[in-house]
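Taken together, the values in this text are just the output of simple stated rules run on the coordinates, not laboratory data. Note that the structure is a prediction, hence the values are computed from the model and not measured. Note that we place each Cβ from the backbone using ideal geometry, even for glycine, and neighbour counts take in every protein chain shown.
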Amino acid sequence: MTIASCLVLAEGVIFGADSTISADLEYGYHYLNHNQKLFEIGENSSLAIMTWGLSSFGDLSYRTLIARLADELATTPPQNVVEVANRWLSSVWSAYQTSLSIEIAEFRALEAKQISAAASTPDDRSLEDDKRYLAMKDNLFVGFCIGGYCLPDREPKAYWFELDPTLRSPGTPRPVEAELFKGQPDVFRRLYDGFDYRTREAVYQSPFWSGGESDLDEILGREMYIPPQMTVRDGIDFVHFSIYSTIKALKFSAKGQVCGGPIELAIITTDRAFRWVRHKTWDSAVGYDGP
């Protein structure tokens, strides 16, 4: 799992992510803490990609797909960031469907049983089917955020989309409206907004709540913190804060430590190309070998 953050400011786009990936193996979860989730698109680029969820398409890595996108953009330069997002969506949708075709076929067979059961049609659906359906829906989920600027306008923009095995078409990228928190956003939302949206929905659906949605939102909104206008350096601090607080909250809880490892931060300002603010070295997983 992941905590991934993107902040769009007048001066540029800031990205941040942790480095942990988790695999649900038959003997329990296994964690690797030095994965790459944030990539520059090519070299000396004004564009970047951030990811959360599924860590690769089987044996096909995001690094390879992003390198191919960079080659394509060099040959046919984009007019704007949304064009880049749409090209990336087209590429990863094809790779997702092809590389995970066996898993998606199995999921859709389980999905058909879910639909059949909902229609009260006799079927051979079992508790194991239900568990497998939910696990596959979670394990085959992936999201991406593409941001930066294109010449000649240098306007900072970011767009995001998510894929899962229930989709029959890829949809369209959505713009990042100031800030985006993905993967495990609940910890930071509770800290910053005073609640997370799953809790809000649980309250609204509860028989103990008799008001409307607007009534609930009015109450919850009273104590929400609203981010001020920020410089890029304060924005970097804000993005780091969202990731660091999530990692520490999960560390000091009874929940799975699905976020962690080195925090990576990058920035693309309207006057400069992609720059790492914090980036793990290739030997980050090796450790200290001294006396």
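Placing +1 on the Cβ of every Lys and Arg and -1 on the Cβ of every Asp and Glu, with nothing else charged, gives region 208-291 a dipole about its Cα centre of roughly 440 debye. Could you please report the charge total around Thr231, scoring K, R as +1 and D, E as -1 over all other residues with beta-carbon less than 13 angstrom from its beta-carbon? Computed value for this residue: -2.
Taking Ser46, Ser242, Ser126 in turn, the Gaussian network model of the chain (Cα-Cα springs below 10 Å) assigns the largest fluctuation to Ser126. Magnitude of the charge dipole for region 56-190, about its Cα centre and with charges confined to Cβ atoms of Lys, Arg (+1) and Asp, Glu (-1), is about 220 debye. Within region 184-291, the chymotrypsin sites (Phe, Trp or Tyr not before Pro) that combine a DSSP coil assignment with at most 11 other C-beta atoms in a 10 angstrom radius are Phe208, Tyr225, Phe252, Trp282, Tyr288. The dipole here belongs to the chain: it is taken about the Cα centre, uses +1 on the Cβ of Lys and Arg and -1 on the Cβ of Asp and Glu, and is about 340 debye. Taking 7 Å steps out from each Cα toward its Cβ at Arg132 and Tyr197 produces label points 3.2 nm apart. In this rough spin-label picture, where each label sits 7 Å from Cα along the Cβ direction, the Ala10-Phe241 distance is 2.0 nm. Of Gln205, Gln229, Gln184, the residue with the greatest mean-square motion in the GNM of the chain, using alpha carbon springs below 10 Å, is Gln205. Classify the chain: rounded, prolate or oblate, from the alpha-carbon gyration tensor (a ≥ b ≥ c, eigenvalue square roots; a/c under 1.5 rounded; otherwise prolate if a/b is larger than b/c)? Rounded is the answer for the chain, as its axis ratio a/c remains below 1.5. Using the membrane-span-like helix rule (whole DSSP H runs, Cα extent along the own axis of at least 27 Å, mean Kyte-Doolittle hydropathy at least -0.5), which helices of the chain qualify? Taking the DSSP H segments of the chain (at least 27 Å long, mean hydropathy at least -0.5), we get 232-251.
With an a/c value of 1.5 or above and a/b not larger than b/c for the gyration tensor axes a ≥ b ≥ c computed over the alpha-carbon atoms, region 100-248 is described as oblate. Comparing Asp164, Asp196, Asp153 in a Gaussian network model of the chain where C-alpha atoms under 10 Å apart are linked, the largest mean-square fluctuation is found at Asp153.
Within the chain, the longest run free of exposed loop sites, counting GluC sites (Glu not before Pro) that sit outside DSSP helix and strand states (H, G, I, E, B) and have at most 16 other Cβ atoms within 10 Å, spans 44-176.
Once both labels are positioned 7 Å from their Cα atoms along Cα-to-Cβ, the gap between Met224 and Thr281 label points is 4.3 nm. A Förster radius of 22 Å, combined with the Cβ-Cβ distance separating Ala112 from Ser169, puts the computed FRET efficiency at roughly 0.75.
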